[in-house]
2 protein chains.
Amino acid sequence: MNEKVALALDLGGTNVRVVAVTESGKILSRQHSPTGDSSSDGIYDEIARLAELCRVEAGVSEFVAFGAAVPTTTIGDDGVLAHLPNIPQLEGTNIKQELGHRTNTQVVAVNDASAATLGEYWLGASKGSKNAVGITLGTGVGGGLIVDQRLYVGTGGGAGEIGHIRLVPGGRPCGCGGKGCLEQYCSATAITRSAREGGMSAATAEAVFELAESGDAAARAIFSEMGSYLGLGLSIVNNLLSPDVIVIGGGVASGWEQFFPATMASLYENSLPDRRSRVKIVRALLGDDAGVLGAAKYTFQQL
Amino acid sequence: MNEKVALALDLGGTNVRVVAVTESGKILSRQHSPTGDSSSDGIYDEIARLAELCRVEAGVSEFVAFGAAVPTTTIGDDGVLAHLPNIPQLEGTNIKQELGHRTNTQVVAVNDASAATLGEYWLGASKGSKNAVGITLGTGVGGGLIVDQRLYVGTGGGAGEIGHIRLVPGGRPCGCGGKGCLEQYCSATAITRSAREGGMSAATAEAVFELAESGDAAARAIFSEMGSYLGLGLSIVNNLLSPDVIVIGGGVASGWEQFFPATMASLYENSLPDRRSRVKIVRALLGDDAGVLGAAKYTFQQL
């Protein structure tokens, strides 16, 4: 095989996923395990074990590098992980050293939502555009930015934090320590919270969605309000960055039919006239592969 | 002379300024005239006359190009100017053709606030940084973005519209047709409006500033509120783009002492913890030269 092959990791709070990917984007092997609550050594050991499985299954003697998508707002050049709310036992560890030692491969780390955005840009919903924005609606809300055909990570590696745009000054408290962040109005957690505050028995965002689909007015109002906030946030991104396309992914994107009309109305109302109809809003295409593919692409670009 | 020399234009609602600039940033000639209310032909003729004066004074036989900083949110690749609220008689005209014919020079157009941001990045307050944001507080509020050491203009040429971030949904009506834009809370016009609404006799932002400096509580409150809104807007930019530095320019920046403490408090409160102290907020250094210098630099980069 002549094509370069990289390892790529998506380090999630629920699962760790490791794949072997060629430079043209073909996934040769996929492995995953629950993240669990093991120690940092336990997690890094398990990632190394999955990497070894990938090496065997892909039949690759040497990987050019190991790209790691990490759920944190700051990634030091040295590889030390800062704030990781979903995997706190890794805080302060050095992912470049820990994985580098264990796999004998150079490690490149990137924010997970940035990686997913780049994955969709490489092989998914924003392919062929010049300027693209990605937003991931899950337990939290992440984002990533493609500017002039390159992933932009900003100083400190944490650009694209759409989830922490302050939409409602003094609003709902957020895990970041602030108040009124978009994440508190547009995530799965936010939908569940709105349902609970409205006295509904639905315990998950999926359940609220099912109620809305069945015609429940209160559940529909929750999605409509969530969609409105999302459109307001996206209008801010649109006015600031004037992208060609905004890609919406994550589990909450499954509720598309229930929130999208309100999102488009709010986006249109709050965007500058020249760009309110130009920007395309589309659903992500790559699902769980977006993060590992983007981490791999970022890694190939750094070589 | 071996150095390349460009012409550069700053097309303002009050004045048109034309300069001749070397590739290293030395201004060889400066010319300006009132924009007045002449026809589009009258304005373009006057710009061409100023360009000819620059040619003579600079002793340059040929300019490599003519960079034009234009106050509009959209600049078509073809050079047709769209919405220009301050110089409506130029709407629909083709600046590349009109100036190209008259000066026999290739014309490159760029948004005026983007140009000012690039000017400050080239030779001013954000020089040497990697990621920088510029914001111009004048009659309106403009902005520009330097990402990974390059000016980012976005699709349509109008990225960086910090002035049209919707800070207050349903708030003060804005010239863009929307409501609650940052511009309506942080511009000179906004300060004057707040004074008028508060029953003050001060008719200009300068007069409100003088009152504030003399200790007037109501005038101080106006600047404090304006500074707070500005900090909220800058926190959104900071969370999205994670720049090294934000440069504040424009006439209202002269009121720095009155609004800056509130700006920093609000920026700190609303920024993600990893970047609330990292970003530097500084005053612009180049004054009226920022726009022409940035237009020239952008032009040199396009050659």
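Computed from the coordinates by the stated procedures, all read-outs in this text should not be read as laboratory data. Bear in mind the structure is a predicted one, so any value in this text is a computation, not a measurement. Counting neighbours? That spans all protein chains shown, and the Cβs are built from the backbone with ideal geometry, glycine included.
Structural remarks
- Take each peptide in B:14-27, A:51-64, count the other Cβ atoms within 10 Å of every residue, and average; sorted highest first, the result is B:14-27, A:51-64.
- The distance between label points at B:GLU257 and B:LYS179 comes to 3.9 nm (points 7 Å beyond Cα on the Cα→Cβ vector).
- Given charges at beta-carbon only (K, R positive; D, E negative), |dipole| of the protein assembly as shown in Debye: 60
- The mean number of partner chain beta-carbon atoms within 10 angstrom of a residue's beta-carbon across peptide B:164-172 is 4.
- Taking every C-alpha pair closer than 8 Å and separated by at least 6 residues, the mean separation divided by the residue count of region B:39-124 gives a relative contact order of 32 percent.
- A:ASP45/A:GLN149 FRET efficiency (R0 35 Å; Cβ-Cβ; nearest 0.05): 0.40
- About the Cα centre, charge dipole magnitude for chain A (Lys/Arg +1, Asp/Glu -1 at Cβ), debye: 700
- One quarter of the surface of the convex hull around the alpha-carbon atoms of chain B equals 15.5 nm², the direction-averaged projected area.
- Between this copy and the others, label points of B:PRO169 are 1.6 nm apart in ascending order, each placed 7 angstrom from Cα in the Cβ direction.
- Residues in region A:140-173 that a label on A:LYS280 would reach, taking backbone N under 20 Å of a point 7 Å out along Cα→Cβ: A:144-151
- The amide H of B:ALA159, built 1.01 Å from its N in the peptide plane, has B:GLY154 as neighbours under 5 Å, considering only residues 5 or more places off or on other chains.
- Radius 10 Å from Cβ of B:VAL141, net charge of other residues (Lys, Arg +1; Asp, Glu -1): -2
- Projected area averaged over orientations for the protein assembly as shown, convex hull of C-alpha atoms, nm²: 29.6
- Among the residues of A:124-133, the average count of other protein chain beta-carbon atoms within 10 Å of the residue beta-carbon is 1.
- Here is the tail figure for region B:117-211: Cα pairs spaced more than 16 Å apart come to 62 percent of all pairs.
- Rh by Kirkwood over Cα pairs, then Stokes-Einstein D for region A:147-303 at 1.567 mPa s and 4 °C, µm²/s: 77
- Other-copy label distances relative to A:THR204, 7 angstrom Cα-Cβ extension, nm: 6.4
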